[in-house]
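The values are calculated or read from the model by the stated rules, or taken from the named source; none is laboratory data. Quick caveat, the model's predicted, so the values are computed rather than measured. As a convention, Cβ positions derive from the backbone with ideal geometry for all residues, glycine included, and neighbour counts pool all protein chains shown. We work out accessible area using only protein heavy atoms, side chains counted, and drop any ligands, DNA or RNA first. Shrake-Rupley method; radii C 1.70, N 1.55, O 1.52, S 1.80 Å.
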Amino acid sequence: MDINEKVLLLAILKKESNETLNDIVLKLEDTGLFSLKEGKKLLKKLKAEQFISDSFLTLKGEAIAKNVEQEFKI
């Protein structure tokens, strides 16, 4: 899993209840992490790998996102 996927999962974990996945991708695009096109590809990939379902993290996705959070705290 590359760094962009990890950051995206973490951002989804930390998203506000009124934010959509598209809002998260747009925020990360504004930071220069990736382009909008790349962000949408990453979202599609994470959905295909069953990390995301219906705009929420799956249990698998949440576990990975929490591991990423710990990784970045070090």
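Numbers at a glance
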| item | result |
| --- | --- |
| Average projected area [Cα convex hull, the chain], square nanometres | 4.6 |
| Solvent-accessible ranking of 51, 72, largest area first, probe 1.4 Å | 72, 51 |
| The chain, helix-only ellipticity at 222 nm - DSSP H runs n ≥ 4, -39,500 (n - 2.57), divided by all residues, nearest 500 | -20500 deg cm²/dmol |
| Assigned charges on the beta-carbon of Lys, Arg, Asp, Glu; the chain dipole about Cα centre (debye) | 180 |
| The chain - percent relative contact order, Cα under 8 Å, separation 6 or more | 38 |
| Calculated from backbone phi, Karplus (6.51, -1.76, 1.60) coupling profile of the range 57-74 in Hz, x at Gly/Pro | 6, 7, 4, 4, x, 5, 4, 5, 4, 5, 5, 4, 4, 5, 4, 6, 6, 5 |
| Solvent-accessible heavy-atom area per residue, rounded to whole Å², over the range 5-55 at 1.4 Å | 61 |
| Loop-located GluC sites (Glu not before Pro) in the range 1-69 whose Cβ has at most 13 other Cβ within 10 Å (DSSP) | 16 |
| Carbon and sulfur %, accessible surface of the chain computed with the full protein complex present, 1.4 Å | 53 |
